[in-house]
Amino acid sequence: MSDAMTQSLGPVTPRKAPDSFPRWVLWCAGGLIAFSLIAVGLVRITGNGPDQIRQSMPDVTAQKALRFEDRPNGGVAIIDGANGQVIAELTGEQGFLRGTVRALARERHARGLGSEMPFELIAHSNGRLTLVDPATGQRIDLESFGPSNSGKFEQFLTPSAAAGK
């Protein structure tokens, strides 16, 4: 009985399942990738990228070579890189100052460089304040972190910084 039923139905062919993933999603993903590649290409070609604008830095209004040393009491000594004189000794946490200097020192350590060469603190005519490591070429634009944080470094450009805060 079962042989008669299977013969009357004919051969069983596997049925092809319809595509379950919508094609429009693939088209959108492809469009997004194409747009990203075109946008990056245009930025690089036209020279409008953030790393390409730095070539036209404004005039330097003040510059000072600084070294930073940790003290046994937990403070930080800021030393004039030109004459070795202590400009200020800061106590307390000093989170932004320590974090900024550690970022530059970490790069020096990764490259096997010592801490002998001082960092350069540079003030520009447009109000920008930059901490540069001449040993590695790394730079941190301090004004990007707000006026209170950049002010922690700006005080070292003035002669009255010896008061130590």
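The values are calculated or read from the model by the stated rules, or taken from the named source; none is laboratory data. What you see is a predicted model, and the numbers here were worked out from it, not measured in a lab. Here Cβ is always computed from backbone atoms with ideal geometry, including for glycine, and neighbour counts include all displayed protein chains. What goes into the accessible areas is simple: the full protein's heavy atoms, side chains included, and nothing from ligands, DNA or RNA. Shrake-Rupley method; radii C 1.70, N 1.55, O 1.52, S 1.80 Å.
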Checking Ile78 against (1) at pLDDT 70 or above; (2) surrounded by fewer than 10 Cβ atoms within 10 Å (Cβ to Cβ), which single condition isn't satisfied?
(2)
Kindly establish whether Ala4 is over 30 Å from Ala105 (Cα atoms), at pLDDT below 65 and aliphatic (A, V, I, L, M).
yes
Scanning the range 85-133 for residues that are in a loop (DSSP other than H, G, I, E, B), in contact with a strand residue (DSSP E or B) (Cβ under 8 Å, 6 or more places away or on another chain) and of a type outside the set (Ser, Thr, Tyr), which turns out most open to solvent (accessible area, probe 1.4 Å)?
Gln85
Within the range 108-129, which residues are acidic (Asp, Glu) and modelled with pLDDT of 85 or more?
Glu120
Sole miss for Arg139 among (1) open to solvent by 70 Å² or more (accessible area, probe 1.4 Å); (2) more than 19 Å from the chain's Cα centre (by Cα) is condition (2)
